[in-house]
Amino acid sequence: MIWIILAVETALAPLAALGVALAFLLSRRRGALAGLFADLPERLGELSPAARARLSGRRVWWLHAASAGEFGGLTPLIAALSARPDAPALLVTTTTASGRDAARADARVAWAQLAPLDAWPCVARFLRDARPERLILSETELWPTTIILAARAGLRPTLINGRLTRRSLRRYRWVAPLLAPALEALAALGAQSEVDADRFASIGAPEEILSVRGNTKYDRLPAPADAEPARARVAELGWTRMPLFVAGSTHPGEEQAVIRAFLHARRATPNLKLVLAPRHVERADDAFSALRRMGLPAARWRGWSELGVEALLIDAMGALASFYPLARVAFVGGTWVPVGGHNLLEPALAGTPVLFGPYTDHVSLPARMLEEGGGGVRVSSDGDFAMQLSQLAADPARAQATGAKARQIAGQLSGATPRVLALLDGRDD
């Protein structure tokens, strides 16, 4: 059975790669297609001479994450591993180029590149040249060929921060028989929650390898200085004493809902200002057009500061987080449309009340805890969104109390890193 799976995966890998290329060609991100061809050697499992030089003669642990966000979730673990007296060289692979760039910017990472295609020759070539002694995968990165070949090479592959959304669970159930050998090849599987552990068990993960360890990304705390860039821009706009509604990581269809709720809330709080940050920077022009169409004078983060504007569009990576500590209320995108949600804890850790929509599969645990603990509010209709935003924006004391609960709840989710280290070390604590 295992050999059949390896053969099928290898045969399908070129078709999957072609599908990715076509998707880029037909999308607004078609400019990245040239990068796909430039990155082909890494996708085929090649290690450059620079990579070989960095890793030569060292114990290597291979960590894999999907993208920049998932890599960020691994940084507490990376810090803990790097602090050990016998620290291994950390080789990080990611599925996306942005994830690779984030990993390369971390001085604790010995080398970072794109992951090899989940095809027998590519993975085997990578294992032969990198010679890692461990493989650690993050969240939902269940690549059968990679896991099986790594297990056969003695790497004791381990999935940490493991999660399965309801949507992913439905997909995996269709291929559960093909996935079962890979799950059985895992040395351990640390799930984020009991719900995730049950879902992994339902698709064939052996009970003896399953445990609940949490998610190391919740051990990341924002630096106090993060708010300084936002403070400077707020001062330039003349918004220093005005309440802010910060809507981050929005997708198509969400900007309009945000603006409608903001316009309604402004009736009770006329000096309320909007900060809007699309999830993907390349959509900034569309979001800016939506602001203008709906009658909101707006400035752009990378543009000239103008007095008298009602909204600020964030059109650069990394600027959003600095606004959350200044916000009276925040909304996190990917929740109003069926994406699954983005990082609810970023505003929560800043002590800001969090609004989010009904689609929270990717962030189900923090969403549930924020909702039950009074630090966040799930909104399910335009009317509900407008009402909740209006009430919080108009009542600073209530917003402050709700934000304090959000910060406390976010703190309760921390502490996964020691539990994950124990899992990797084969300890029960």
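The values are calculated or read from the model by the stated rules, or taken from the named source; none is laboratory data. The structure presented is a predicted model; accordingly, all values stated were derived computationally and were not measured. Heads up, the Cβs are rebuilt from the backbone with ideal geometry, glycines too, and the neighbour counts pull from every protein chain shown.
Go through 235, 247 for me and flag whichever is buried (at least 20 other Cβ atoms within 10 Å of the Cβ), not assigned by TED's automatic domain parsing to the domain that holds residue 149 and not β-branched (Val, Ile, Thr).
Answer to the selection: 247.
With respect to residue 151, is the statement that it is without any contact (Cβ under 8 Å) to a residue 60 or more places away in the chain, of a type in the set (A, V, I, L, M, F, W, C), closer than 30 Å to residue 365 by Cβ and touching a Pro at 6+ places or on another chain (Cβ under 8 Å) true?
Taking the combined requirement at face value, the residue satisfies it.
Give me a count of the residues in region 163-179 that are part of a helix (DSSP H, G or I) and surrounded by 11 or more Cβ atoms within 10 Å (Cβ to Cβ).
11
Quick one: in region 128-141, which of the residues that are of a type in the set (A, V, I, L, M) and within 11 Å of residue 64 (Cβ to Cβ) is surrounded by the fewest Cβ atoms within 10 Å (Cβ to Cβ)?
Taking the candidates together, the pick is 135.
What is the one condition in (1) over 23 Å from the mean Cα position of the chain (by Cα); (2) surrounded by fewer than 17 Cβ atoms within 10 Å (Cβ to Cβ) that residue 198 does not satisfy?
(1)
Here are some residues: 255, 306, 236. Which one is in a loop (DSSP other than H, G, I, E, B), of a type outside the set (Val, Ile, Thr) and in contact (Cβ under 8 Å) with a residue 12 or more places away in the chain?
Among 255, 306, 236, only 306 is in a loop (DSSP other than H, G, I, E, B), of a type outside the set (Val, Ile, Thr) and in contact (Cβ under 8 Å) with a residue 12 or more places away in the chain.
All but one of (1) part of a helix (DSSP H, G or I); (2) in contact with a helix residue (DSSP H, G or I) (Cβ under 7 Å, 6 or more places away or on another chain) hold for residue 135, so report the exception by its number.
Every listed condition holds for residue 135 apart from (1).
Please pick out the residue among 241, 267 that is in a loop (DSSP other than H, G, I, E, B), in the same structural domain as residue 354 (by TED's automatic domain parsing) and more than 22 Å from residue 285 (Cα to Cα).
241
Considering only residues that are in contact with a helix residue (DSSP H, G or I) (Cβ under 8 Å, 6 or more places away or on another chain) and among the small types (Gly, Ala, Ser), look in region 285-294 and name the one that is surrounded by the fewest Cβ atoms within 10 Å (Cβ to Cβ).
So, considering only residues that are in contact with a helix residue (DSSP H, G or I) (Cβ under 8 Å, 6 or more places away or on another chain) and among the small types (Gly, Ala, Ser), the one surrounded by the fewest Cβ atoms within 10 Å (Cβ to Cβ) is 290.
Considering 386, 327, 397, which residue is out of contact with any Pro (no Cβ under 6 Å at 6 or more places or on another chain) and crowded, with 24+ Cβ neighbours inside 10 Å?
327
Would you kindly identify the helices (runs of 4 or more DSSP H) lying entirely within region 326-429 that contain at least 2 residues that are polar (S, T, N, Q)?
382-394, 396-412
Say we look at region 201-216 and pick out the residues that are out of contact with any Ser or Thr (no Cβ under 8 Å at 6 or more places or on another chain) and in a helix (DSSP H, G or I); which of these is surrounded by the most Cβ atoms within 10 Å (Cβ to Cβ)?
209
Scan 282, 306 and give me the residue that is surrounded by fewer than 19 Cβ atoms within 10 Å (Cβ to Cβ), modelled with pLDDT under 95 and over 30 Å from the mean Cα position of the chain (by Cα).
306
Mind checking which pairs have a first residue in region 72-88 that is surrounded by fewer than 19 Cβ atoms within 10 Å (Cβ to Cβ) and a second that is hydroxyl-bearing (Ser, Thr, Tyr) and not in a loop (DSSP other than H, G, I, E, B), Cβ under 6 Å, 6 or more apart or different chains?
That search, which allows pairs on different chains as well, returns 80/417.
Taking into account only those residues within region 139-162 that are in a strand (DSSP E or B) and on the phi < 0 side of the Ramachandran plot, which is farthest from the chain's Cα centre (by Cα)?
Step by step, filter region 139-162, then rank; the result is 158.
For the condition under 22 Å from residue 162 (Cβ atoms), part of a loop (DSSP other than H, G, I, E, B) and either within 25 Å of the chain's Cα centre (by Cα) or not hydroxyl-bearing (Ser, Thr, Tyr) (or both), what is the one hit in 76, 116?
116
Check off (1) crowded, with 21+ Cβ neighbours inside 10 Å; (2) closer than 21 Å to residue 423 by Cα for residue 112 and give me the number that stays unchecked.
(2)
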